[in-house]
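Reading through the structure tokens given below for one structure.
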Amino acid sequence: MSGAKRRAYRRPGEATAAVRAAGKAAERRPSAMRELLGLAMKIASIAGIALIVFNFVFGLHYNADPSMSPSIRDGDLVLYYRFDKAYRAGDLLLLKYGGSAQIRRVVATAGDTVDITADGLVVNGALQSEPEIYQSTERYAEGIEFPVTVGEGEVFVLADARENATDSRVYAAVSVGDTQGAVIAVLRRRSL
């Protein structure tokens, strides 16, 4: 018998062992349908986690109010953090007033005394330098009486575009519990 023919012959049971090994390997390999189902489950899990995060931890707000111009313009998308409510002067926050959401700048916190004089915004007796504000800060005839001391758990907020804006000059200091959260990022509409 030649060497080629000898290789072709196998011992009894050898061929069946090779077939069994190939069958087990095929069983371990998932089908295309099973792989697609696994992928769909992963995508659904990620989407569910994103939904939970953006409903309970972060929030997105489409700004339709020009009162914060030029810092936040009409049409900008704002990302805010719901759990950070330890506001300081200069922070931006989201609140609801009269059924609509507003973004406003904190100018005074609990214990501060706010007054608006002919010179501008005065907090705790000191005239505030506001280089990012391009309009004068004036009292409203139908607004609150000044000076006002901000109560515990409250903040005094103003819009950056001060003329004809609805802010704490109209509705007084805002309870921190009534705010939606602190603004952490602004996405310009023309950047999208």
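The values are calculated or read from the model by the stated rules, or taken from the named source; none is laboratory data. Everything numeric in this text was worked out from a predicted model, so none of it was measured. Heads up, the Cβs are rebuilt from the backbone with ideal geometry, glycines too, and the neighbour counts pull from every protein chain shown.
How about segment 166-185: which of its residues are surrounded by 20 or more Cβ atoms within 10 Å (Cβ to Cβ) and aliphatic (A, V, I, L, M)?
ALA173, VAL174, VAL183
Only residues that are among the β-branched types (Val, Ile, Thr), within 21 Å of GLY99 (Cβ to Cβ) and under 27 Å from the mean Cα position of the chain (by Cα): list them for segment 123-169, please. Talk me through it step by step, then tell me what you get.
Our first condition is that a residue be among the β-branched types (Val, Ile, Thr); within segment 123-169, this holds for 123, 133, 137, 144, 148-150, 155, 157, 166.
Now drop any that are not within 21 Å of GLY99 (Cβ to Cβ), which leaves 144, 155, 157, 166.
Result: VAL155, VAL157, THR166.
What's the number of the condition ALA86 fails, among (1) under 18 Å from ALA182 (Cα atoms); (2) touching a residue at least 12 places away in the same chain (Cβ under 8 Å); (3) part of a loop (DSSP other than H, G, I, E, B); (4) under 23 Å from the mean Cα position of the chain (by Cα)?
Every listed condition holds for ALA86 apart from (2).
Of the residues in segment 53-75, how many are under 11 Å from the mean Cα position of the chain (by Cα) and either under 29 Å from ALA126 (Cα atoms) or outside any strand (DSSP E or B) (or both)?
Selection size over segment 53-75: 5.
In segment 179-191, is there at least one residue being more than 20 Å from PHE58 (Cα to Cα), within 21 Å of the chain's Cα centre (by Cα) and hydroxyl-bearing (Ser, Thr, Tyr)? Don't jump to the end; show me each part of the working.
Here is the first cut: in segment 179-191, the residues more than 20 Å from PHE58 (Cα to Cα) are 190-191.
From what is left, the residues that are within 21 Å of the chain's Cα centre (by Cα) are 190-191.
Within this subset, residues satisfying the condition of being hydroxyl-bearing (Ser, Thr, Tyr) are 191.
Within segment 179-191, one or more residues are more than 20 Å from PHE58 (Cα to Cα), within 21 Å of the chain's Cα centre (by Cα) and hydroxyl-bearing (Ser, Thr, Tyr).
Look at GLY38 and say whether it is of a type outside the set (Ser, Thr, Tyr), modelled with pLDDT of 90 or more and either in contact with a strand residue (DSSP E or B) (Cβ under 9 Å, 6 or more places away or on another chain) or under 24 Å from GLU132 (Cβ atoms) (or both).
For GLY38, the condition - of a type outside the set (Ser, Thr, Tyr), modelled with pLDDT of 90 or more and either in contact with a strand residue (DSSP E or B) (Cβ under 9 Å, 6 or more places away or on another chain) or under 24 Å from GLU132 (Cβ atoms) (or both) - is not met.
To keep it simple, each residue is scored yes or no on (1) among the charged types (D, E, K, R); (2) in contact with a His (Cβ under 8 Å, 6 or more places away or on another chain); (3) under 21 Å from ILE144 (Cα atoms).
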{"site": "ILE46", "(1), (2), (3)": "no, no, no"}
{"site": "ASN55", "(1), (2), (3)": "no, no, no"}
{"site": "TYR62", "(1), (2), (3)": "no, no, no"}
{"site": "LYS85", "(1), (2), (3)": "yes, no, no"}
{"site": "ASP91", "(1), (2), (3)": "yes, no, no"}
{"site": "THR113", "(1), (2), (3)": "no, no, yes"}
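Would you please name the residue that is surrounded by the most Cβ atoms within 10 Å (Cβ to Cβ), looking only at residues in segment 123-158 that are under 16 Å from ILE72 (Cβ atoms) and modelled with pLDDT of 95 or more?
This residue is VAL157.
With the checklist (1) in the same structural domain as ALA185 (by TED's automatic domain parsing); (2) surrounded by fewer than 20 Cβ atoms within 10 Å (Cβ to Cβ); (3) under 17 Å from the mean Cα position of the chain (by Cα) in hand, flag the one item VAL78 doesn't pass.
(2)
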